[in-house]
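Every number in this text was worked out from the coordinates using simple rules, so none of it is lab data. Small disclaimer: the values here were computed from a predicted structure and weren't measured. Using ideal geometry, Cβ is built from the backbone for each residue, glycine included, and neighbour counts are taken over all protein chains shown.
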Amino acid sequence: MFLQLLLSGIAFGSLYALIALAMVIIYKTSEVPNFGQGEMAMLSTFVAFMLLDTYGHSFFVSFLGALVFAALLGVFLEFVFLRRAKDPNILSLILITLGFEMILYGVASWKWGADQRDLSFPVSDFDLVNIGPAVISYLNLATLLVALVLMVLLFLFFRYTKVGIAMKATQQNPMAARINGIRVNRILSVTWAMSSTIGAMAGMLLAPVATLDPNLMLEPLLKGFASAVLGGMTTLVGAALGGYMLGIIENLFGGYVSLEFKSIVAFGIIVLVLCFRPSGLFAKHYVRKV
Amino acid sequence: MATLLEIKNIETFYRLIYALRGVSLSVEENTITAVLGNNGAGKSTILKTVMGLLDDQPDKGTIEFMGRRIDGKDPEVIVRMGLSYVPEGREVFDELTVKENLLMGAYIRRDRAGIKADFEKIYVYFPILKQRESQWAGTLSGGEQQMLAIGRALMNGPKLLFLDEPSLGLSPLLVKEIFKIIVEISKRGVTLLLVEQNARMALSISHVGLILENGRFVMKGKSSDLMQDKDVQEFYMGVRSEESAKGFQRWKRKKRWR
Ligand SMILES: Nc1ncnc2c1ncn2[C@@H]1O[C@H](COP(=O)(O)OP(=O)(O)O)[C@@H](O)[C@H]1O
Ligand SMILES: [Mg+2]
């Protein structure tokens with residue numbers, strides 16, 4: 001029982017980890033928690049659904065198409081809305097991302113309505129694999145693996161590629177980045193594209209276990225955010241670990257304490273972290289010199 | 001001798017603060033030019049304005065680098081033209097390693113062989129950086145960070161290099177070492193514009209010196225002449241003299257320099 005709860009906790013945790021990673025990548029560069037993240041992922045998932053169901057493309061094409069859409073959506077939102085804000089403060093930035101949330105939610109509701117749909121996934125949620133005494137569905141296993149591969153890729157990207165290092169440089173000291181010729185605006189575009197793509201991955205992995213409607217990402221976003229806060233908001237590794245931890249804690253809570261209140265665990269964690277480690281949220285916030 | 005940088009009558013504002021009040025300056029190729037001045041005189045503002053770091057500035061005047069107008073251009077563009085900048089306070093990437101910092105200096109370059117050669121050159125100038133190669137820049141001492149900042153700017157492959165107070169906060173011994181290397185860099189064909197409060201040091205290595213006060217140049221001359229000048233000695237090098245010359249009466253005496 002414990003192992004089973006742990007295992008499915010990890011599977012769900014990897015989704016939270018992806019959402020947390022997506023948020024942290026943006027937070028580190030644009031210094032704003034992006035509350036539109038969930039809806040960006042939800043809309044991208046709907047695009048996959050549309051390509052698959054309405055236009056009859058193969059799963060592979062639809063999936064890739066949705067990722068491309070996600071990347072463009074990220075670039076578009078940053079370019080059109082955030083970049084226009086002159087001398088923005090944190091509050092106005094947050095308001096802008098809440099604006100994304102509402103606009104994208106509205107678009108999805110208008111286009112696809114409140115009907116619940118199924119995103120048919122080539123990997124089954126019902127066929128099970130045995131791992132020791134526990135079982136895991138193929139879908140959960142795929143989720144776990146995809147998340148893992150994505151994290152390794154991200155790690156390699158930030159560690160070894162010039163653009164990855166330039167992204168970190170820009171996060172740490174935008175002025176110094178500019179005088180070394182790093183085009184900060186381009187870095188912002190790349191950041192939003194990457195983040196949005198990762199979020200879309202999470203959305204598409206989540207849709208088959210949940211139901212695809214405009215509310216798809218409401219709860220997962222909260223949980224991804226909680227994971228990011230748990231991890232300190234500024235480290236990718238922390239965000240990923242936070243995601244796994246939350247997934248596990250939540251599942252154990254659901255299994256041993258109360259299934260009904262499982263969902264409040266994430267909220268409880270945000271509150272606890274903010275109470276006992278208030279610096280958590282802005283732990284390694286870089287002081288910008290003017 | 002060719003003129004690399006030609007600044008004509010620039011005026012710069014920080015909102016309502018009138019920081020540069022008509023500054024002109026030309027920098028000749030293969031020289032070291034020193035700009036001296038009190039804290040708050042506007043020295044850093046000159047460099048920031050030229051680098052394009054201040055939005056919509058200069059408000060008036062023109063800046064030409066190697067015969068091309070650069071006022072109004074972005075720093076990302078200016079650095080690609082061959083003008084590099086070591087900012088006041090070093091501004092290294094704290095959570096990148098020393099090596100990654102230098103790599104970011106080479107961000108705009110594609111010539112692998114040249115980049116590699118420059119890495120080696122910088123490790124010869126600053127052997128300590130080689131030792132600290134895989135350490136985060138934020139964990140370096142002030143002097144090491146200054147070396148890294150200079151090294152990073154050299155990795156840009158500049159024709160002209162701005163140095164903003166490289167001696168700030170360093171021990172006298174380290175200052176000597178840094179200045180020795182600055183001279184070395186100059187000999188290797190990089191033209192330098194040096195902003196300093198340490199007038200004695202700056203004048204001892206530069207060819208031309210200018211003195212800035214309240215956003216205007218009040219004096220200009222060969223560095224060797226300035227060093228002999230009674231007023232410069234008194235006001236900038238801490239040498240006491242009996243009488244003060246008339247031209248300097250309006251200067252409010254402030255903190256004495258080292
Ligand atoms: N970001 C800024 N905003 C407003 N005023 C500034 C800013 N930076 C510098 N100043 C003002 O401009 C003047 C020149 O500053 P600065 O160029 O930094 O002087 P220096 O480098 O010679 O010490 C000072 O009066 C300073 O207070
Ligand atoms: Mg200064």
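Summarising the overall dimensions of the protein assembly as shown from its C-alpha atoms, the Rg and Dmax are 28.6, 97 angstrom.
The ranking of B:134, A:263, A:227 by Cβ neighbour count inside 10 Å, starting from the fewest, reads B:134, A:263, A:227. Evaluating 6.51 cos²θ - 1.76 cosθ + 1.60 at θ = phi - 60° for every residue in the stretch A:88-102, the Karplus couplings come out as x, 9, 4, 5, 5, 5, 4, 4, 4, 5, 5, x, 3, 3, 5 Hz, glycine and proline recorded as x. Remark: mean inter-chain Cβ contacts per residue of B:76-85 equal 3, using a 10 Å Cβ-Cβ cutoff to other protein chain atoms.
Judged by the ratio a/c of the largest to the smallest principal axis of the C-alpha gyration tensor, the stretch B:100-206 counts as oblate, that ratio being 1.5 or greater while a/b is no larger than b/c.
Separation of the alpha carbons by more than 24 angstrom is noted, of A:168/B:130; B:43/B:222; B:8/B:176; B:159/B:180, for B:8/B:176. Entry note, chain B: the mean residue ellipticity at 222 nm calculated from DSSP H runs of n ≥ 4, each adding -39500 (n - 2.57), is -10500 deg cm²/dmol after division by the residues and rounding to the nearest 500. Tilt of helix A:2-30 relative to the longest C-alpha principal axis of chain A, in degrees (0 to 90, nearest 10)? Rounded to the nearest ten degrees, it is 20.
Computed with the Debye formula from one identical point scatterer per Cα of the stretch A:2-276, without solvent, the log10 of I(q)/I(0) at q = 0.09 Å⁻¹ comes to -0.41.
In this simple spin-label model, placing a label point 7 Å from the Cα along the Cα-to-Cβ direction at both residue A:145 and residue A:60 gives a separation of 1.6 nm. Counting only aspartates and glutamates at least 8 places from residue A:162 when in the same chain, those with an alpha carbon closer than 13 Å to its own are B:100.
Among B:227, A:1, A:204, the ranking by other beta carbons within 10 Å of each residue's beta carbon, starting with the fewest, stands as A:1, B:227, A:204.
Using just the helices of chain A, give the 222 nm mean residue ellipticity in deg cm²/dmol: DSSP H runs with n ≥ 4 each add -39,500 (n - 2.57), and the total is spread over all residues, rounded to 500.
-22500 deg cm²/dmol
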